[in-house]
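The values are calculated or read from the model by the stated rules, or taken from the named source; none is laboratory data. None of these values were measured; they are calculated from a predicted model. For neighbour counting, all protein chains shown are included, and Cβ atoms are generated from backbone atoms with ideal geometry for every residue, glycine included. Accessible surface areas use protein heavy atoms only, side chains included; no ligands, DNA or RNA. Shrake-Rupley method; radii C 1.70, N 1.55, O 1.52, S 1.80 Å.
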Amino acid sequence: MDKHHSQLALAKCSRHQRYNEWVFRDVPSDIMIVVDGGTFSLHKFPLVSRSGRIRKLVAGHRDSDISMIELLSLPGGAESFELAAKFCYGVNFEITAANVAQLYCVSDYLEMTEEYSKNNLGSRAEEYLEVVVSKNLEMCVEVLKQCENLLPLADELKIVIRCIDAIASKACVEQIASSFSRLEYSSSGRLHMNRQTKCEGDWWIEDLSVLRIDLYQRVITAMKCRGVRPESIAASLVNYAQKELTKKATSWNQSNQPKVDVVSGSNDHEKVVVETIVSLMPVEKLVVPITFLFGLLRSAVMLDCTVACRLDLERRIGSQLDIATLDDLLIPSFHNAGDTLFDVDTVHRILVSFSQQEDSDEDMDDVSVFESDSPTSPSQTALFKVAKLVDNYLAEIAPDANLKLNKFIAIAESLPAHARTIHDGLYRAIDVYLKAHQALSDPDRRRLCKLIDFQKLSQESGAHAAQNERLPLQSIVQVLYFEQMRLRNALFCSYPDDDHKPMQQSWRLNSGAVSAAMSPRDNYASLRRENRELKLELARMRMRLNDLEKDHVCMKKNMEKSNSRRFMSTFTKKIGRLNIFGHSSSRESSSPSKRSQVTDSKLTERT
């Protein structure tokens, strides 16, 4: 290197100058380089000795004393060219993860290869990437961050893919090492993994959150291909969403799981982030917190994301709906002002997805039922939890004046009939709806109350329903009918003669929780026997109900003729005299056992 190069000095620009200038001491500049963001007055010799591109351009200006060269679309702009010019002049500077991507790209643009000078800038940057950056995950992330402003050239030079592969490989290796560190021997001498020990191999999650969404997507995809744990992928997605999405307020639930809520007026960036995160979610169940899924769904609805994105979220939520809370289901409606307060349609689709999953579980063959370790299958337990959740949801949305009857009924009917063992919650929700929508017609009231199985009401709810003036008259008749049946069952239970116990009482005793002492095969056979008995009892009940409806028609005509409120006060007494259960009068039978025999004989004749 010429001794003049060591005397290179950098002259700072004045306020009105827009360029930096290096000059040899006592040697005037003979070339002017114009790049995006600056103009440099330099010397030809140091530049042409290392840059093939500048050498070719200078060759076209041999006739003029001072040449002006314009370098359009130079990667990194004036900052990158300044580093390249320093290298040409022999000024010492450090290659770091923060500038190696710029140096690699500008060296390719300026053709600073070994063909023009030994140990040129291109080979120096390549060596640093290969020896230093590829061995360190944090430095790879930093280089990727710098590549965001150097695309597509950084991608063409394979800087991006090399960093992504290095990150994925390093994260996978660290997770394997962390897993080995948690292996221990049990008291029986068997090797197992200690789940209680905190995994320390996921520290990279925080580092990846600084990347742009397109590069982040490529990194996560590479990690999934390399076998990084789904739990780690999910944790990274949650962390990235929390940092990228604009939040009105960050709230946390009891289990410290984040909720993501996007404020109105969000731009297309947040829409792309939501859709990308949803596409990157692991397929494994329960690895992504359901509260986070609901937060993404709210964001997707408000940002008007693609239908595929929203359906994917709804399907994922439906697969684990049994662990959701009421607050999760209360998705605000972002539509017209005349619409409902909460997004009922979205919740309905989630419930349909859950029900379809339950149907597929029920289609399993009998072998799977017999081999079950638990007397109650997980899907049945989930169904009971979701039924209770839906009843609470219906009670919450029932006061909404804009909630149509069809939507309310659709939510209530989205679960199978056997999902509710007790109808108290459904009755409460329907009562709230009737109270808030007093203009409902009688046919609509009857249609709504058909959802309730009054036989599954508790004693307290049954007593309330019997005096509820908002219910249709037919529903009140059914309530009183089943209350009479309840009293009859209680009467027969007080006697030791089991032969005279009605079938209804037998069903109530056997349809509860299955005994854990029975085998799964015995439980299944017992349930099938009870099912047959229930069908026979249902046939008898229908015949009794037909007789009751005929009596009800007669009473309604009498009420219309009398046009008096005293009819309702004597209504219960009339029901008692309807001879519903086929009783003989107290004068004809002197003991409860005789009454039971007469009752059973009459029931046999009628059936």
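For this structure, a couple of remarks:
- Contact map, the range 76-89: residues that are touching a residue at least 40 places away in the same chain (Cβ under 8 Å) paired with residues that are open to solvent by less than 10 Å² (accessible area, probe 1.4 Å) and of a type in the set (S, T, Y), Cβ distance under 9 Å, separation 6+ or inter-chain. Pairs shown: C88/S51.
- Filter pass, V132 being open to solvent by less than 10 Å² (accessible area, probe 1.4 Å) and either of a type outside the set (A, V, I, L, M, F, W, C) or within 27 Å of V228 (Cβ to Cβ) (or both): no
- Some residue of the range 270-281 being under 19 Å from Q217 (Cα atoms) and either surrounded by fewer than 16 Cβ atoms within 10 Å (Cβ to Cβ) or modelled with pLDDT under 90 (or both): yes
- So R349, is it under 13 Å from the mean Cα position of the chain (by Cα) and open to solvent by 50 Å² or more (accessible area, probe 1.4 Å): no
- Index of the failed condition, S333 passing every other in (1) free of Cβ contacts under 8 Å to residues at least 12 places away in the same chain; (2) exposed (fewer than 15 other Cβ atoms within 10 Å of the Cβ): (2)
- R488 vs. criteria basic (K, R), within 38 Å of the chain's Cα centre (by Cα) and outside any loop (DSSP other than H, G, I, E, B): no
- Residue match in the range 435-443 (condition: in contact (Cβ under 8 Å) with a residue 12 or more places away in the chain, farther than 15 Å from V390 by Cα and crowded, with 16+ Cβ neighbours inside 10 Å): yes
- Figure legend. Inter-residue proximity from the range 465-478: first residues under 17 Å from Q438 (Cβ atoms) and in contact (Cβ under 8 Å) with a residue 24 or more places away in the chain, second residues open to solvent by 40 Å² or more (accessible area, probe 1.4 Å) and not acidic (D, E), beta-carbon distance below 7 Å, spacing 6+ or different chains. Indicated pairs: R470/K435; P472/R446.
- Subset of the range 210-236 (residues that are open to solvent by 10 Å² or more (accessible area, probe 1.4 Å) and small (G, A, S)): A222, G227, A235
- The range 480-501, residues that are within 20 Å of M555 (Cα to Cα), out of contact with any Gly (no Cβ under 6 Å at 6 or more places or on another chain) and either open to solvent by less than 50 Å² (accessible area, probe 1.4 Å) or modelled with pLDDT of 85 or more (or both): L480, Y481, F482
- Residues in the range 88-103 that are within 19 Å of D36 (Cα to Cα) and part of a helix (DSSP H, G or I): 3 in all.
- Members of the range 421-451 that are under 18 Å from E396 (Cα atoms) and assigned to a loop (DSSP other than H, G, I, E, B): H423, H437, Q438, L451
- Selection status of G37, open to solvent by 50 Å² or more (accessible area, probe 1.4 Å), farther than 30 Å from V132 by Cα and within 47 Å of the chain's Cα centre (by Cα): yes
- Counting only residues that are outside any loop (DSSP other than H, G, I, E, B) and either more than 13 Å from H348 (Cα to Cα) or touching a residue at least 24 places away in the same chain (Cβ under 8 Å) (or both), the range 395-412 holds 10 of them.
- Restricting T291, T340 to those that are of a type in the set (V, I, T), touching a Ser or Thr at 6+ places or on another chain (Cβ under 6 Å) and in contact (Cβ under 8 Å) with a residue 12 or more places away in the chain reduces the list to T340.
- Residues (touching a Cys at 6+ places or on another chain (Cβ under 8 Å) and crowded, with 21+ Cβ neighbours inside 10 Å) located in the range 444-474: L471
- From the list Y128, Y116, the lone residue that is outside any helix (DSSP H, G or I) and aromatic (F, W, Y) is Y116.
- Which numbered condition T325 misses (of (1) under 30 Å from A436 (Cβ atoms); (2) in contact with a strand residue (DSSP E or B) (Cβ under 6 Å, 6 or more places away or on another chain)): (2)
- Odd one out for Y116, checked against (1) touching a helix residue (DSSP H, G or I) at 6+ places or on another chain (Cβ under 6 Å); (2) on the phi > 0 side of the Ramachandran plot; (3) not small (G, A, S): (2)
- Set A101, A125: member being in contact with a Phe, Trp or Tyr (Cβ under 6 Å, 6 or more places away or on another chain), aliphatic (A, V, I, L, M) and open to solvent by less than 20 Å² (accessible area, probe 1.4 Å): A125
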